[in-house]
Amino acid sequence: MDPVTPQPAAPRDGALDPTWSSSDKDMVTTALGTSRVWATLGHGILNEVYWPSTGSPQIRDLGFIVADSKGNWHELKRVNRYLLSLPKPYIPLPHIVHDGDGYRLELEILPHPLRDAILIKYALTGDDLKLYVLLAPHLNGEPNTATAGADLAARDGRAALCLCADQGFSRTSAGFVGASDGWQDFARNSAMTWQYATAGEGNVALTGELAASSGTLALGFSESPEGAHTLARSSLADDYDETRDRFVAQWQAWGDTLQVPQTAPEFRQMAERSAMVIKVHGDRTYAGALVASLSVPWGSNHNDAGGYHLVWTRDTVEAAFAMVLCGQYEDAGRTLDYLIGTQNDDGSWAQNYFPDGRTYWHGGQLDEVALPVLLAAKLREVGHLTSGAAVSHMIRTAIGYIVRNGPMTDQDRWEENAGASPFTLTVAICALVASADYFPPAERDYLLSLADCWNERIESWTFSTDGHLGRDLALPGYYVRLSPRPSEGGLTGLITRRNVHHGETPAGDLIGLEFLYLVRAGLRRADDPRIRDTVRLVDQLLRVETPSGPSYYRYNGDGYGEHADGTPFDGVGIGRPWPLLTGERGNFEALAGGDASNYLDAMIRMVGHGGLLPEQIWDGAPLPDHNLFPGKPTGSAMPLVWAHAEFIKLLSLSHTGRPAELLTAIENRYGGKSPIATCWHWRETSPFTSITSGKSLSIESSASFTLHFGFDGWLDATDRVSTANGLGIYQVVLSRDDLANRNALDFTFQAANGTWQGIDFRIEIQRV
């Protein structure tokens, strides 16, 4: 068609390419120089490219069509028949070979170390063939304008890209996805017949017929069209072999510093690849930021401005622990510095956020406040804690938040429910102990007392002795996934399962693997009967044997995963097994004196085409039309950085016998045993109705108050004014002598403005 022919009507803004599947990742790559470009590959082509940070995907994909003059054509990502290889597991220079009917296309994807550009070296062999490139810009997730001339270009108001070919294009076209894009042209006409000069504003696509069967493409990104053109052309002007050598040398130098256990070759290679995956996810515009995944789960089914290319503090610290094990102290320290920069004034962190620190979701998760404190403690143990004043401030404000808001959390680690989670309780308690020496003596003593109290009470919040799940195994009790807040019934309350219809379930009917962190962090021993009993129950209810090996569901009745027919998760679904939970179960196996190699081997087998670990694997019958096969990745996020970190931690533990999460301060204080706290801390958010004699009692609130109290039916009633402890808590402490020879404490509160609480409370004092 003539370039001035009017375009077909554009689809609605944001319409999805029906062939795009963002979560199917073969590989992720970036250079280690000054370049700020991150590339992902899936189905043997380029998927999202991120610029200028890991939180900003700028294209949906860049793929190819091979066609002959007789009307035969093949879109390579649909053919989906290719091999992918790397020079070494820790050098992300993907070489891809597509072999099809009468053609062979070789690709090499090379992020430029010095420029914001991606180089793609291509070589097509076969008779009577032409190669066409299909580029789907998605700059800043907004409507784009595309232009097709000597080069292919797109822009929005804040960014631009340019695709150049060193051998040039014979023809180019700009169109709208689903109406006038290159794929539609071939689908309707079996050839490239459209040549539109522009398309915009909308969901645009670009097509170019390459003038030569071999050459190099350069995709450049900048704030302006001129800048993108300059970067693409400059990258082509650079000698390709020199650029490649620089890229490889930088990754090789980094790989030489990796500390990986001497182990079976397949385990070592997976550990090296996992470390590389974590390294690739590190940001350079915002140094130290680590996004959860350079992917969008079920990306072919919806638009999501965040996807998983966001920072979750939990995932970030899990990855940083793994990097410490690999000897990458500077990377882990840089991540801690970044977390200091994103901390809120109240000491917390947002639920998740873009690498620049902008909040995405607004939930509150206590574990995400505790984990940076534990990372600082870990770095101090290995002698790599350098930012003294900044770290001290971060710790003090984070601990203040935990003290004021714990032990209950607004959201558990799966971001679904409020209450008492064994995982969250574990990391919060460990943070209190690990940070205590950052505080003056009185505050230090308070933190240790609070930690002991919460530790001693873990089972009262999370261990069910009357739930029915353990009856088949004759278990006296088991740890639950979490219990609601005490005001909502605690262990006898109801939990609303997300992602399912009619999800209200008794807390005692839900279990997960959260309790295993009690052992990893040193609060309980692996041979604790309560731990072992719950492991038996987990293995019965959450374990699934797949062709890849054993894996585990997050919890029974989970709804986060594909539907039974393989269609993508759409707000509801069926939860699928998570490889990272295979790693968590393997950690316990090693700590219990068993052989964890079965779990390591399973995780290796769960990888996708390029060796990356997914968030979830398929547990149903094969569904080839949905690319779902038992024991292999689903359409969830891939790679999942946390899963790769879990593999590294499991491999290290299987060789050293020491979990990454175990800190010396915790080991020395608790030794895996529940303490007998000398003081219990009562709050309306975490109350109790009885206390054993011999303990002191601290009545606490976040606001000043007068405690009106008496004993044994309000005898000897008196008042005491609360005092501030320097951590945002007001308290009245009754000593063991105050409570001696008493049977019960009766009390109520009067606020500073004179308002009475209006509720009487009673704590029974049990003689021992």
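The values are calculated or read from the model by the stated rules, or taken from the named source; none is laboratory data. These numbers come from a predicted model, not from an experiment. Cβ coordinates were reconstructed from backbone atoms using ideal geometry, including for glycine residues, and neighbour counts include every protein chain displayed. For accessibility, only protein heavy atoms count, side chains too; no ligands or nucleic acids. Shrake-Rupley method; radii C 1.70, N 1.55, O 1.52, S 1.80 Å.
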Average accessible surface area per residue within segment 463-592, 1.4 Å rolling probe, Å²:
36
For the chain, with +1 on Lys and Arg beta carbons and -1 on Asp and Glu, the positive-most of Trp714, Thr147, Ala179 along the dipole:
Trp714
Not counting ligands, DNA or RNA, and with a 1.4 Å probe, what is Lys130's accessible surface area in Å² rounded to the nearest 10?
80
Contact order normalised by length for the chain, with contacts defined as Cα pairs under 8 Å and 6 or more residues apart; what percent is it?
10
Kirkwood hydrodynamic radius of segment 296-450 from all distinct Cα pairs, in Å?
16.0
Specify the inter-centroid distance of segment 475-536 and segment 89-114, based on alpha-carbon positions, in whole Å.
47
For the pair Asp356/Arg158, report the inter-label distance in nm, with labels modelled 7 Å from Cα in the Cβ direction.
0.5
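Given +1 on the Cβ of Lys and Arg, -1 on the Cβ of Asp and Glu, and no further charges, what dipole in debye does the chain carry about its Cα centre, rounded to the nearest 20? Don't jump to the answer; show the numbers that get you there.
Working: 62 positive and 92 negative charges, 209 e Å.
Magnitude of the dipole: close to 1000 debye.
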Contact order relative to length of segment 232-365, as percent, for alpha carbon pairs under 8 angstrom and 6 or more apart
20
Could you give the distance between the Cα centres of segment 348-427 and segment 559-634, to the whole Å?
28
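Thr664 to Thr193: FRET efficiency via 1/(1 + (r/R0)^6), r the Cβ-Cβ distance, R0 51 Å, to the nearest 0.05? Numbers along the way, then the final one.
Details: r = 70 Å, r/R0 = 1.38.
After rounding to 0.05, the efficiency reads 0.15.
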Name all residues of segment 660-680 having a backbone nitrogen under 18 Å from the label point set 7 Å from the Cα of Ser460 along its Cα→Cβ direction, giving them as ranges.
674-680
Here the net charge surrounding Asp619, from other residues whose Cβ is less than 15 Å away from its Cβ (Lys, Arg +1; Asp, Glu -1), is 0
Roughly speaking, what is the stretch gain from Glu764 to Ser69, that is 0.36 nm per residue apart minus the C-alpha to C-alpha distance, in nm to one decimal?
241.3 nm
With charges only on Cβ, +1 for K and R and -1 for D and E, what is the dipole size of segment 588-722 about its Cα centre, in debye, rounded to 20?
300
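Work out how much length Glu330 to Asn743 would gain on full extension: take 0.36 nm times their residue separation and subtract the Cα-Cα distance, in nm to one decimal.
In short, 143.0 nm is gained.
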The chain: calculated mean residue ellipticity at 222 nm from DSSP helix runs of at least 4, using -39500 (n - 2.57):
-9000 deg cm²/dmol
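Given 0.36 nm per residue, what is the gain on full extension from Thr125 to Arg536 after removing their alpha carbon distance, in nm? Before the final figure, lay out the partial values.
On the way: separation 411, 0.36 × 411 = 147.96 nm, distance 5.70 nm.
This chain segment gains 142.3 nm when fully extended.
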If each of Arg78 and Ala442 carries a label point 7 Å out from its Cα toward its Cβ, how far apart are those two points in nm?
7.5
Grab the other residues whose beta carbon is less than 11 angstrom from that of Ile763, score K and R as +1, D and E as -1, and report the net.
+1
Cross-link candidates for Lys88: which aspartates and glutamates have Cα within less than 12 Å, leaving aside residues fewer than 8 places away along the same chain?
Asp256, Glu272
Cα-projected label distance for His95 with Ala752, points at 7 Å along beta-carbon direction, nm
7.0
For Rg and Dmax of the Cα atoms in Å, pick the label among (i) 28.8, 102; (ii) 28.5, 89; (iii) 26.8, 85 that corresponds to the value derived from the coordinates.
(i)
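Probe radius 1.4 Å, ligands and nucleic acids ignored: give me the carbon and sulfur share of the accessible area of the chain as a rounded percent. Intermediate results must be reported in sequence, preceding the final value.
Numbers: 13070 of 27020 Å².
Summing carbon and sulfur atoms, their accessible area is 48 percent of the total for the chain.
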I need to check one value: relative contact order of segment 127-207, counting alpha carbon pairs closer than 8 Å and at least 6 residues apart, in percent.
39
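Taking a 26 Å limit on the Cα-Cα distance, which of the listed pairs Lys279/Lys673; Lys378/Lys673; Lys130/Lys632; Lys25/Lys378; Lys25/Lys649 fall beyond it?
Details: Lys279/Lys673 36 Å; Lys378/Lys673 21 Å; Lys130/Lys632 35 Å; Lys25/Lys378 32 Å; Lys25/Lys649 23 Å.
Cα-Cα > 26 Å for Lys279/Lys673; Lys130/Lys632; Lys25/Lys378; rest within.
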